[in-house]
Each structure stands twice: as structure tokens, then as C-alpha cells.
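Structure first, commentary second.
The values are calculated or read from the model by the stated rules, or taken from the named source; none is laboratory data. Everything quoted here is computed from the prediction, not taken from an experiment. Every residue, glycine as well, gets a Cβ built from its backbone with ideal geometry; the counts of neighbours run over all protein chains shown.
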Amino acid sequence: MKIITLLFAIAVVTQAHAQSDLWTQADSLNGPPRANAAAFVILDNGWVVSGYDGFNKKKSMVSYDPLQDDWDDELSLGGASGDGLNRTSAMSFQAWEYGFVCMGEGEGFVFSDLWMYNHYTQTWTQMANFPGTARTQGVSFEVDNIGYVGLGKAGDFATYLKDLWSYDYLTNSWTQVADFPGTARIDAVGAQMGGKAYVGLGRDATSYPVDFYEYYPANDTWAQKTDFPGTARANACSFARFPQFFVTTGEDGLGFLNDTWQYNYFGDTWFQMTDFPGDPRAGAIALEIANRFYVGTGYGNGNYYDDFYEYAFAASTSENDLIEMICYPNPTTDNLFIRLDKNLSNIAISVYNISGQQVISETYFDQLSATTYSISLNGLVPGEYLIVLTSDNSFLTSQPVILAK
């Protein structure tokens with residue numbers, strides 16, 4: 001019911017040619033403020049572990065329940081006897097309803113370990129050590145229950161890295177995959193959406209790059225996308241849900257930032273959104289919990305933070321000003337009607353599932369007298385889909401729909 005409500009709100013805003021994005025403050029993190037923590041999501045709860053509080057590196061963990069808007073203390077990384085596991089700038093991901101934390105910086109060294117947290121048994125288990133160069137300040141994400149870890153800085157704290165590795169929990173094994181195509185760097189952003197991952201920004205040995213890349217695990221390839229148009233930055237945080245990827249906060253070498261940007265998959269374009277409402281900062285964490293997004297913690301200007309905010313957005317972009325598209329009935333059980341507010345030639349109507357796969361595509365040439373089209377969703381499984389309108393291969397607008405049977 002929550003998904004249907006969210007998609008209905010998105011559809012209304014899209015039809016109104018408006019853009020809506022809103023930050024709301026949530027409950028503050030338990031315990032001391034911290035930055036550069038690891039984070040993952042399992043069973044519709046968010047988990048935050050390790051980090052640095054301005055005095056010590058940490059191994060403590062807390063969990064967030066969005067339904068209660070409340071934090072609980074949890075078992076520290078490694079369990080009660082996990083001495084020496086205090087760390088910051090570790091990498092993390094979730095797979096098969098387990099949370100994973102690996103590597104990061106200890107007291108003057110970096111780790112090569114990997115730990116799995118089992119929520120059902122409330123235990124930590126050490127898994128296969130990372131076989132590549134141990135590192136800190138890397139990037140991590142998950143696609144189809146496979147974890148990916150890469151980039152970052154080696155244990156000499158001077159060597160920047162660009163290799164990428166995958167981890168398969170079912171075989172407890174690591175595999176090196178295609179290197180990141182940009183410069184070796186630390187503190188990049190990375191997140192998955194639609195069966196692909198997106199990585200960019202950060203800091204290399206000489207600069208703050210603004211390049212941005214798409215990684216497709218199915219064929220182990222990278223593709224460069226449109227450069228980030230905002231202030232170049234490192235140690236920002238990112239979150240995504242197809243077809244939108246967000247970047248917020250970070251530092252640019254001169255100060256700390258709180259602006260927020262959205263990348264749209266279909267237009268390969270960026271748009272500036274509403275600023276993060278907390279103080280400018282870097283080293284924050286971002287969580288997607290049951291289709292809701294949260295950002296918090298971090299440090300900036302001598303302060304460490306425990307504040308936490310929910311971000312809600314409606315899927316619209318400035319391209320929507322070009323044309324209005326109304327899809328009805330929504331929800332539908334089979335046929336979907338698509339009405340446009342103007343005549344267009346050479347249009348294509350595509351249907352994407354929530355994983356970003358195109359499942360239907362219809363092209364209409366030189367039908368200048370038509371403003372209403374019909375497309376059958378027969379044969380698709382019930383669920384949420386995205387209707388995308390293009391003309392001469394240029395993205396115009398999109399709208400979510402529900403197929404219910």
C-alpha cells in the first residue's frame with residue numbers, strides 16, 4: 001500500500017509539471033555523533049556501524065526503525081569479543097538479507113577482513129578475507145545480491161586504487177572484475193539502480209573529478225555518463241531508486257557542502273534539488289529503507305553530527321515542461337491509455353519494470369493527428385512499472401503506473 005501511495009503522488013506531481021522534493025528531520029542517532037560510518041539495510045531497518053566520533057574509531061552499531069522513527073543499540077562489529085575491530089571509512093553492502101562490512105582504517109593500518117551480520121541470530125561471522133589490496137575510503141554497492149567493493153586508498157595511505165571486486169555470499173568468494181575507468185580515487189559516491197551501478201566524483205591524487213560512470217555487472221562493462229555539473233566534491237553520500245540517482249553533501253577542499261543533485265537515467269541529465277537541511281558536512285551516510293531515503297551523521301567545520309533526515313521526492317524533471325502525459329486507468333489490469341497534450345511525430349512509448357529492464361517498446365511514426373495511444377500490459381506480472389516517452393530518441397517525460405490483477 002505504501003508503494004501505491006508513493007507512486008500515485010509521483011504521478012500527480014508529474015502531471016502538474018511540478019517538482020517536489022522535501023526533507024523532514026527524523027530521530028537522531030543513538031550514542032555519540034559519528035562520521036564515515038558503514039551502513040546497510042536489512043528487513044526494512046537501517047544499520048549504522050563503525051565510524052569516527054572525533055576522538056576514537058568505533059565498532060558500535062545501532063539500528064533504525066522507520067515505522068517507529070527510533071534507534072536501538074545493537075551488537076558491536078565482531079561481537080562482544082571483537083577487540084581491535086574499531087575502524088572508520090569501511091565499506092558495506094547488503095545481500096540475501098545479511099549485512100556486510102569490510103576493510104576500512106584502524107589505528108595506523110587498514111583491514112582486509114569481511115564480516116557478515118545475521119539479524120535473525122544477532123551474530124557477526126567473519127567471512128573470506130578480501131584478496132586484493134587492503135584499503136580504506138573505497139566505494140561499495142550491491143547488485144542482484146552480489147556485493148561490489150573497489151577504489152579507495154591502500155595501507156600506505158598514499159596509493160590510490162581503481163580496481164573493483166565482487167563478493168558472492170553463496171560461495172563465500174571474491175572475484176576481480178573490470179577496473180573503474182576513471183582515475184584512481186578515494187571517497188567516491190556509488191549506488192545501484194535498475195540492475196546497474198553508478199560511481200563517480202571523489203578525490204584523486206591531484207584533483208576532485210566530476211566524471212560519472214555506469215557499471216553493468218551482466219557484461220562487466222563501464223560506460224561514461226554526463227559529468228556531474230555541481231561543485232566537485234569528495235566524501236559525499238548517494239542513494240538511488242530507478243530511474244533517479246541522488247548526490248548530497250560532501251567537501252570540495254575549501255569547505256563543506258549541503259546541496260543535493262538528481263541524475264535521471266532516461267535523460268542522462270542532472271538537476272539541482274532542495275538542499276540538505278542540516279549543516280554542510282562530509283562523511284554522512286545514506287539509507288534506502290522500504291522506498292524511503294534517509295541521510296545523516298557526518299562531520300563539518302569541527303563538528304560531528306548525529307542528526308538524521310528523511311528525503312521524499314516526486315519523479316519529475318524540467319523536460320516534463322515540454323509535454324504533459326496522462327496514463328489511465330492507473331492502476332490498470334491490462335490496457336493502458338496514454339494521452340498527450342500535443343501532437344508529436346516519431347514517438348516511442350516504452351515500459352520499464354522496477355529493475356530498469358525494458359519490457360515493452362512501441363514506436364509511432366508520423367501520427368500527427370493522434371494524441372491518445374493504447375498499449376497492452378497483458379503478459380506482465382502485477383507490480384509497478386514506468387512509462388517512458390521519447391521522440392527521435394530524446395527523452396520527454398515519464399510516469400509510474402501500477403498493474404494490478
Q.
Would you confirm, using the coordinates I've provided, whether Asp252 is touching a Lys or Arg at 6+ places or on another chain (Cβ under 6 Å) and in the same structural domain as Asp187 (by TED's automatic domain parsing)?
A. yes
Q: State whether the residues of segment 125-133 include one that is under 25 Å from Lys225 (Cβ atoms) and among the hydrophobic types (A, V, I, L, M, F, W, C).
A: no
Q: Would you please list the contacts, defined by Cβ atoms under 9 Å and residues six or more apart or on different chains, that run from a residue in segment 93-113 that is within 22 Å of Val143 (Cα to Cα) to a residue that is in a loop (DSSP other than H, G, I, E, B) and among the acidic types (Asp, Glu)?
A: Ala95/Asp144; Val101/Asp113; Cys102/Asp113; Met103/Asp113
Q. Filtering segment 172-218 down to residues that are in a strand (DSSP E or B) and touching a Ser or Thr at 6+ places or on another chain (Cβ under 6 Å), which residue is nearest to Phe239 (Cα to Cα)?
A. Ala191
Q | Residue count for segment 18-62, restricted to those that are closer than 21 Å to Ile289 by Cβ and either surrounded by fewer than 16 Cβ atoms within 10 Å (Cβ to Cβ) or of a type outside the set (Val, Ile, Thr) (or both) | A | 29
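Residues checked against (1) in contact with an Asp or Glu (Cβ under 8 Å, 6 or more places away or on another chain); (2) of a type in the set (D, E, K, R):
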site	(1), (2)
Phe55	no, no
Ala80	no, no
Arg87	yes, yes
Phe93	yes, no
Glu97	no, yes
Met103	yes, no
Thr123	no, no
Pro131	no, no
Ala134	no, no
Q: Among the candidates Asp204, Asp268, single out the residue that is surrounded by fewer than 17 Cβ atoms within 10 Å (Cβ to Cβ), in contact (Cβ under 8 Å) with a residue 40 or more places away in the chain and either in contact with a Pro (Cβ under 6 Å, 6 or more places away or on another chain) or not β-branched (Val, Ile, Thr) (or both).
A: Asp268
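Name the residue that is farthest from Gly31 (Cα to Cα), counting only residues in segment 302-323 that are among the acidic types (Asp, Glu) and either buried (at least 16 other Cβ atoms within 10 Å of the Cβ) or modelled with pLDDT of 85 or more (or both).
Filtering segment 302-323 for residues that are among the acidic types (Asp, Glu) and either buried (at least 16 other Cβ atoms within 10 Å of the Cβ) or modelled with pLDDT of 85 or more (or both), the one farthest from Gly31 (Cα to Cα) comes out as Glu319.
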Q | Every residue from segment 333-360 that is among the polar types (S, T, N, Q) and more than 10 Å from Leu389 (Cα to Cα) | A | Thr333, Asn335, Asn343, Ser345, Asn346, Asn353, Ser355, Gln357, Gln358
